[in-house]
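Below is one structure; the comments refer to it alone.
The values are calculated or read from the model by the stated rules, or taken from the named source; none is laboratory data. In this text, all values refer to a predicted model and were calculated from it rather than measured experimentally. Backbone-built Cβ (ideal geometry, glycine too); neighbour counts: all protein chains shown. Surface accessibility is based on the protein's heavy atoms, side chains included, excluding ligands, DNA and RNA. Shrake-Rupley method; radii C 1.70, N 1.55, O 1.52, S 1.80 Å.
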Amino acid sequence: MKKDLTSIADLNREEIITLLDEAEALKQQVQQARVVELARGKMGVLIFEKPSLRTRVTFERALHQLGATSTYLSPTDIGLGTREGVSDIARNLSRWVDVIIARVFEHEKVTGLAASASIPVINALSDTEHPCQILADLLTIRQHHGTLDGVTIAWTGDGNNVCHSLLLAGAILGLKVNIATPRGFEPNNAIVQKGKGYAEKSGAKLNLTYDPCAAVQDADFIYTDVWASMGQESEAEQRRQIFRAYQVNRQLLARAKPTTKVLHCLPAHRGEEITDDVLDGPQSVVLDQAENRLHVQRALLARLLKNG
Ligand code: CP
Ligand code: NVA
C-alpha cells in the first residue's frame with residue numbers, strides 16, 4: 001500500500017478488499033471487547049479547514065481505540081497555506097506525530113502535504129475527493145448486498161467530491177455506476193477519463209446521464225449527497241432550482257427495485273436532495289454508512305501506523 005491515501009485511486013482492488021476485510025475483523029474485536037492496541041503510543045493530527053461531525057469523531061475514536069492519541073487543529077488554528085506554507089507544516093508535523101488527517105478545500109493542499117511529509121497523509125475530504133467515505137460505503141454495500149460483485153450503484157445529484165471517489169472506486173472494482181446530474185454539474189472530465197481507463201481493465205460500466213429515472217431503474221443502491229457542498233453555500237438557492245428533478249423521493253424510489261437501498265454520506269439537507277420519508281425509511285442504510293466510517297478508518301490507521 002502507498003504511504004498516503006489522498007485519492008481512492010491510491011488503492012488497487014486487492015488493497016480495497018483487504019481493508020474491508022480488516023475493517024470487519026477489527027469491528028468483531030471491538031464488539032467482543034478484544035481490542036488490540038495496534039498503534040499504541042502513536043499520534044495523529046487532524047487538520048480541518050471545513051466543519052465535520054462524522055469524520056472528526058470517527059478518526060479520533062479510531063485512533064484512541066488503537067491506543068494512539070490525537071489532536072484537532074481547527075480552520076483558524078494554523079492557517080494552512082496562509083500563516084505557514086503547506087510544505088513547512090508537513091515537514092514540522094513529520095518530526096512530532098505519526099499521521100496527518102486533512103480536510104481541505106483545494107485538493108492540491110492534501111497532495112502537497114503528502115509530498116512534503118515523511119509520515120502518511122489521509123484525505124479526510126477535499127473539494128475533489130472523499131476516499132474514506134467511499135471505503136465506508138463499500139463496506140455498507142457489501143454488508144447489505146452480500147458481495148460487491150455485480151452490484152449496480154446509481155448516483156443522482158451533483159458530480160462532486162463524493163461522486164468522484166465513487167466513480168473511481170466503481171471503476172477500480174469492476175462495478176456498474178450510473179451517474180445522473182444536471183447539465184453543467186457532471187463529474188470532472190479528468191476523473192471520468194481516469195475512471196474509464198480503470199474500467200477497461202476491470203470490466204466496470206460507467207454510465208453518465210442527465211436522467212435520474214434511467215440511472216436508478218437497475219440500481220441495487222441509490223446514492224445522493226447535498227446539492228451545494230461546503231464552500232458552495234452562495235450557490236445554494238440557484239442549485240435548489242436546478243437540481244429539483246434529482247431529489248431522492250418516493251417517486252424516484254418506485255422506479256427502482258423493491259430491494260434497492262438508499263445511501264447518503266450525510267449531513268443531509270432534508271427536503272432538498274432527499275425527503276424525510278426516504279432518509280428515515282426502511283430502504284435507507286445511511287446510519288450503517290456512518291458507523292462504518294469508524295471501522296474502515298480504524299483498519300486504515302492500523303495498516304498505516306502498526307507498531308513493529
Ligand atoms: N460524511 C462526512 O464526511 O460527514 P462530516 O462532514 O460530518 O465529517
Ligand atoms: N459533498 C459534501 C460532502 C460532505 C460530507 C461536501 O463536500 O460538503
field: Of the trypsin sites (Lys or Arg not before Pro) in segment 31-94, those whose Cβ has at most 12 other Cβ within 10 Å and which sit in DSSP loop
entry: 34, 40, 83
- prompt: What is the sum of charges around residue 259, taking Lys and Arg as +1, Asp and Glu as -1, for the other residues whose C-beta is under 15 Å from the C-beta of residue 259?
  reply: +1
Rh by Kirkwood over Cα pairs, then Stokes-Einstein D for segment 167-277 at 0.692 mPa s and 37 °C, µm²/s: 222
statement: Averaged per residue, the 1.4 Å probe accessible area of segment 1-123, protein heavy atoms only, in Å², is roughly 47
- line: Where a ≥ b ≥ c are root eigenvalues of the Cα gyration tensor, a/c under 1.5 meaning rounded, otherwise prolate if a/b exceeds b/c and oblate otherwise, segment 100-186 counts as oblate
- request: With a 1.4 Å probe and every protein chain left in place, work out the accessible area per residue of segment 161-308 in Å², rounded to a whole number.
  value: 44
- request: Output ³J(HN,Hα) for segment 65-80: one whole-Hz value per residue in order, computed from phi by the Karplus curve 6.51 cos²θ - 1.76 cosθ + 1.60 with θ = phi - 60°, and x for Gly and Pro.
  value: 5, 8, x, 9, 10, 8, 9, 10, 10, 7, x, 8, 5, 10, x, 4
statement: Here the gain from full extension of residue 269 to residue 53, 0.36 nm per residue of separation minus their alpha-carbon distance, amounts to 76.3 nm
- request: Just tell me which lysines come within less than 25 Å, Cα to Cα, of residue 201; anything on the same chain fewer than 8 places away is out.
  value: 2, 3, 176
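Would you mind calculating the relative contact order of segment 1-115 from Cα pairs under 8 angstrom and at least 6 residues apart, reporting the percent as a whole number?
It comes to 29 percent, rounded to a whole number.
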Residues with amide H under 5 Å from that of residue 70, placed H, sequence gap 5 or more: 44
- prompt: Got a sec to turn the phi values of segment 272-285 into Karplus ³J(HN,Hα) couplings, 6.51 cos²θ - 1.76 cosθ + 1.60 with θ = phi - 60°, whole Hz, x for Gly and Pro?
  reply: 9, 6, 8, 8, 4, 5, 7, 4, 9, x, x, 8, 7, 10
statement: Output for segment 177-280: trypsin sites (Lys or Arg not before Pro) sitting in coil per DSSP, at most 14 other Cβ within 10 Å, listed by number, reads 183
- prompt: Taking K and R as +1 and D and E as -1, what net charge do the other residues with C-beta under 15 Å from the C-beta of residue 39 add up to?
  reply: +2
query: Full extension from residue 211 to residue 291: what is 0.36 nm times the residue separation minus their Cα-Cα distance, to one decimal in nm?
result: 25.7 nm
Cross-link reach list, lysines versus residue 50, counting only Cα pairs under 18 Å and skipping chain neighbours closer than eight places: 109
message: Suppose a student asked you for the relative contact order of segment 221-308, using Cα pairs under 8 Å spaced at least 6 residues apart; what percent would you report?
response: 32
- request: Keeping the other protein chains in place, figure out the carbon and sulfur percent of the accessible area of the chain, with a 1.4 Å probe.
  value: 49
field: Residue-count net charge about residue 281 - beta-carbon cut-off 13 Å; Lys, Arg +1, Asp, Glu -1
entry: 0
statement: Rounded to one decimal in Å, the inverse mean reciprocal Cα-Cα distance for the chain, i.e. its Kirkwood radius, is 19.6
- request: Take the alpha carbon atoms of segment 219-252, find their center, do the same for segment 55-100, and report the distance between the two centers in whole angstrom.
  value: 31
statement: Relative contact order in percent for the chain (Cα pairs under 8 Å, 6+ apart) equals 20
